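Colleague: Here it is, the structure, as structure tokens.
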Amino acid sequence: MKETLKKISDVFKLIFGYGIMIVLFAGGLTFFGYVVALIIGGDTATAICTWIYNSFIPVIIYASTILILFGLLTMYMAGEKALTPGKKNMQSEGEK
């Protein structure tokens with residue numbers, strides 16, 4: 001059973017890694033969309049900014065939310081406890 005969860009966890013980790021990379025890249029592209037709109041100006045700039053805000057940003061938000069779910073499932077299936085302090089973490093901070 002643990003081997004099956006490990007394989008599923010590895011697949012989810014791959015999906016999470018590439019997905020977050022794509023979403024971050026797409027989020028960075030919005031910056032260039034706003035810069036182009038600033039350079040163009042006028043009604044066209046308004047249309048570009050409105051499209052980015054109303055159509056593109058919500059897709060990025062939904063995609064990142066789903067990918068975060070994949071990341072949490074990966075941690076759960078692999079048995080990782082990233083947000084809890086352990087003895088190893090406490091000793092590295094000087095607490096013994």
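The values are calculated or read from the model by the stated rules, or taken from the named source; none is laboratory data. All figures in this text were calculated on a predicted structure; none of them were measured in a lab. Here the Cβ is made from the backbone with ideal geometry for all residues, glycine too, and neighbour counts use every protein chain on show. We work out accessible area using only protein heavy atoms, side chains counted, and drop any ligands, DNA or RNA first. Shrake-Rupley method; radii C 1.70, N 1.55, O 1.52, S 1.80 Å.
Colleague: Are any of the residues in the range 27-50 in contact (Cβ under 8 Å) with a residue 40 or more places away in the chain and either exposed (fewer than 13 other Cβ atoms within 10 Å of the Cβ) or part of a helix (DSSP H, G or I) (or both)?
Modeller: So far as the range 27-50 goes, no, none of its residues is in contact (Cβ under 8 Å) with a residue 40 or more places away in the chain and either exposed (fewer than 13 other Cβ atoms within 10 Å of the Cβ) or part of a helix (DSSP H, G or I) (or both).
Colleague: Select from the range 58-69 the residues that are open to solvent by 50 Å² or more (accessible area, probe 1.4 Å) and either on the phi > 0 side of the Ramachandran plot or of a type in the set (A, V, I, L, M) (or both) and list them in ascending order.
Modeller: Matches in the range 58-69: V59, I61, I66, I68, L69.
Colleague: So, one more: Name every residue in the range 11-26 that is closer than 15 Å to I60 by Cα, open to solvent by less than 100 Å² (accessible area, probe 1.4 Å) and among the aliphatic types (A, V, I, L, M), in order of residue number.
Modeller: Selection gives I20, V23, A26.
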